[in-house]
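Following: one structure in structure tokens, then a few remarks.
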Amino acid sequence: MQYASETFFLYGPPATGKSTCAKNLAAALGKRAVDLDSLIEARVGMSIPAYVAQAGREAFRDAETATLEALCAEAPNAVVALGGGALLRAQNRAMVEACGPVVCIQTPPAELARRVERKAGSRPFSADAAALLKTLEERKEHYASFRLQVAVDGIAPPQEVWPRVLAAFGIYLVSGMGAPYTVRVAPGAIELLGGVIARLEPRPRHLLLVGDSNTLPLYRARVEAALGEAVACHEIPAGEEHKTLATVEGIWGAMLRAGIERGDLVLALGGGVVGDLTGFAAATWLRGVRWLNMPTSLLAMVDAGVGGKTGADLKAGKNLIGAFHPPCAVLSDTNVLSTLPERELRCGLAETYKHAMIGDPGLAELLARFDQARGSVDYLTELVVRSVGVKVRTILADPFERTGLRAALNLGHTVGHAVEAASGFAVAHGEAVAIGTVAAARLAEGMDLAREAGLSARVKAGLEALGLPTEIPAGYDAATLKDYLSHDKKKAAGVVRFALPVAFGEVRTGCTVREEVLDEVLAGQRL
């Protein structure tokens, strides 16, 4: 569903902390915080408990409906905290859900009862703990009926709660690499493009849309509809083999023709190759111009399109040249995943499985349902949201790869990049990552680092169930692969450092591997 503005609603039982959460979310997103109860009090000219005592419950609900109607008609660019019973009326719920997404925050009843007791009498329909618990039981099914849910234990401080609510909305805030930017994952996210650009300061005078020979014919019209105008475009050839400086030079030429200046904006529309090249061209044009990423492949949505790494390949290896140059926003429109070829879709699953191994083991269970649920855009959206969550948390812990924590995201990529390059890119990136992830698990076992028995067998089975290759193709000798490894960008002091899984959900970075163990894994002797 698309909305007239970027308005978000927080709902849930009384005393869940919705108003505090709304203030924190609004501050993080540059929006205003709105408390519905405060608007109602301004409308009726007294406190809500006083108005209920004077006019009665139904009169209060009528005032609530009228206030909601006026608010939704305004379509504010805001985060709105709703009262604990604001959406009990079907017409109220319909108005709100037509205006913006709703997250229902739930806290254990015992904790809510303690909070109510501390402020007894402040809530007209939950005056004390007993009344609150009765209300919670009556509304149990109502609260559970909302698709977006966040469970809060009541112990976590507010600064830990609002990021989880933000993620439930399909939004992440990435900071630590310059100006913070948002990553938005939603069906139809491309349609939000015009509003995102309208809020940029300074407002860009010129735009350039960069896509490849697959994405521009498919989505250019959708982008221009979101902008409300035609836009200068530059098409690059599709495929990893075109991730070169020659292609970057072509993008620079298009920037020149489009009149791109420091305050302007370049739009990337495509998979990881388009995003990496466009971001690198933006990083180096006039020593840095803004860019906005619209990833169109599953692989780019869950990995390559988020994080601010940009670059190009050399014959010696992948991504040997590049720059940290974060986009000003990322819009991942999960509706476009329906157009992906089967092979491309499964390549994205490899990166998602990698994220499950790094920091969200439950994501593997979600992946196991892929073949049954793949036709559901809600399922694919949840897959992307969960996967992006792992990447964003890892980035925030180590934005510029200075502590080694972010290097966990390289799981599967060291051997994977070597296989990919040695194949002349006949092995797709996601396929290579799947092969490299199994190899990394075998390296961990060979180095006695794995704490989970049968780890590599578990990883191999999980990836094969997703239709991905797990073995280095026949004919790739260890010496050739080691030559590509010698050019890996993750070398330090002349030694290749690996990210290796020690258990499912835990990855160790900066690992060196004994030569004989590496040779055995590359030669397929550790199966």
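The values are calculated or read from the model by the stated rules, or taken from the named source; none is laboratory data. If you're wondering where the values come from, they're calculated on a predicted model, not measured in any experiment. For neighbour counting, all protein chains shown are included, and Cβ atoms are generated from backbone atoms with ideal geometry for every residue, glycine included. Note: areas computed on protein heavy atoms with side chains; ligands, DNA, RNA excluded. Shrake-Rupley method; radii C 1.70, N 1.55, O 1.52, S 1.80 Å.
Details
- Cysteines, the chain, no other Cys beta-carbon under 4.7 Å: Cys21, Cys104, Cys233, Cys328, Cys347, Cys511
- Relative contact order (percent, whole number), the chain, Cα cutoff 8 Å, 6+ residue spacing: 11 percent
- Using θ = phi - 60° in the Karplus curve 6.51 cos²θ - 1.76 cosθ + 1.60, the 3J(HN,Hα) couplings for segment 75-86 round to 6, x, 8, 8, 10, 10, 8, 9, x, x, x, 4 Hz; x is entered for Gly and Pro.
- Remark: segment 151-227 carries 44 Å² of accessible area per residue (probe radius 1.4 Å; ligands, DNA and RNA excluded).
- Hull volume in cubic angstrom per residue (convex hull over the Cα atoms of segment 143-264): 182 Å³
- Cα centroid separation - segment 1-52 against segment 225-303, whole Å: 39 Å
- Whole-number Å³ per residue for the convex hull built on Cα positions in segment 329-440: 119 Å³
- A protection proxy built from the mean count of other Cβ atoms within 10 Å ranks the segments 405-414, 268-277, most packed first, as 268-277, 405-414.
- Segment 396-527: projected area of the alpha-carbon convex hull, averaged over directions, in nm²: 7.9 nm²
- Net charge of the neighbourhood of Val302, taken over other residues with C-beta under 13 Å away and scored Lys/Arg +1, Asp/Glu -1, is -1.
- Here the peptides 296-304, 80-88 are ranked by packing, the mean other Cβ count within 10 Å, and the order with the highest first is 296-304, 80-88.
- Of the beta bridges in the chain, as assigned by DSSP with both residues counted there, near 30 percent are antiparallel.
- Volume per residue that the Cα convex hull of segment 232-310 spans, once the total is divided by residue count, Å³: 81 Å³
- Each listed q (0.15, 0.23, 0.29 Å⁻¹) maps to a log10 I(q)/I(0) for segment 418-486 from the Debye sum over equal C-alpha point scatterers, namely -0.50, -1.02, -1.25.
- Under-5 Å amide H pairs with Leu207, H placed in peptide plane, nonlocal only: Ala232
- The chain - percent of accessible surface contributed by carbon and sulfur, probe 1.4 Å: 52 percent
- For Gly311, nonlocal amide neighbours, meaning residues 5 or more places apart or on other chains whose placed amide H falls under 5 Å from its own, are Leu277, Phe280, Ala323.
- Net charge, Val79 excluded, C-beta distance under 13 Å - Lys, Arg +1, Asp, Glu -1: +2
- Under the criterion of Cα pairs below 8 Å and six or more residues apart, the relative contact order for segment 312-381 equals 21 percent.
- Under the Karplus curve 6.51 cos²θ - 1.76 cosθ + 1.60, θ = phi - 60°, whole-Hz ³J(HN,Hα) for segment 351-361, x wherever Gly or Pro sits: 5, 5, 4, 4, 5, 4, 5, 7, x, 8, x
- Unsatisfied cross-links (Cα-Cα over 32 Å) in the set Lys315/Lys460; Lys23/Lys391; Lys31/Lys243: Lys31/Lys243
- The mean of 1/r over all pairs of different alpha-carbon atoms in segment 46-134, once inverted, gives a Kirkwood hydrodynamic radius of 14.5 Å.
- Among [x] 25.4; [y] 37.0; [z] 44.9, the entry derived from the coordinates for mean projected area of the Cα convex hull in nm²: [x]
- From helices alone, the chain scores -14000 deg cm²/dmol at 222 nm; the rule is -39500 (n - 2.57) for each run of n ≥ 4 DSSP H residues, then divide by the residue total.
- For trypsin sites (Lys or Arg not before Pro), the sites in segment 310-343 that DSSP calls loop and that have at most 10 other Cβ atoms within 10 Å are Lys315.
- Derived scalar couplings between HN and Hα for segment 170-177 equal x, 10, 10, 10, 9, 10, x, 10 Hz in order, rounded to whole Hz, by the Karplus curve 6.51 cos²θ - 1.76 cosθ + 1.60 (θ = phi - 60°), x for Gly and Pro.
- For segment 177-312, the relative contact order works out to 25 percent when only alpha carbon pairs closer than 8 Å and six or more residues apart are counted.
- Residues whose amide H lies under 5 Å from that of Arg508, counting only those 5 or more places away or on a different chain, are Leu500, Val502; hydrogens are built 1.01 Å from N in the peptide plane.
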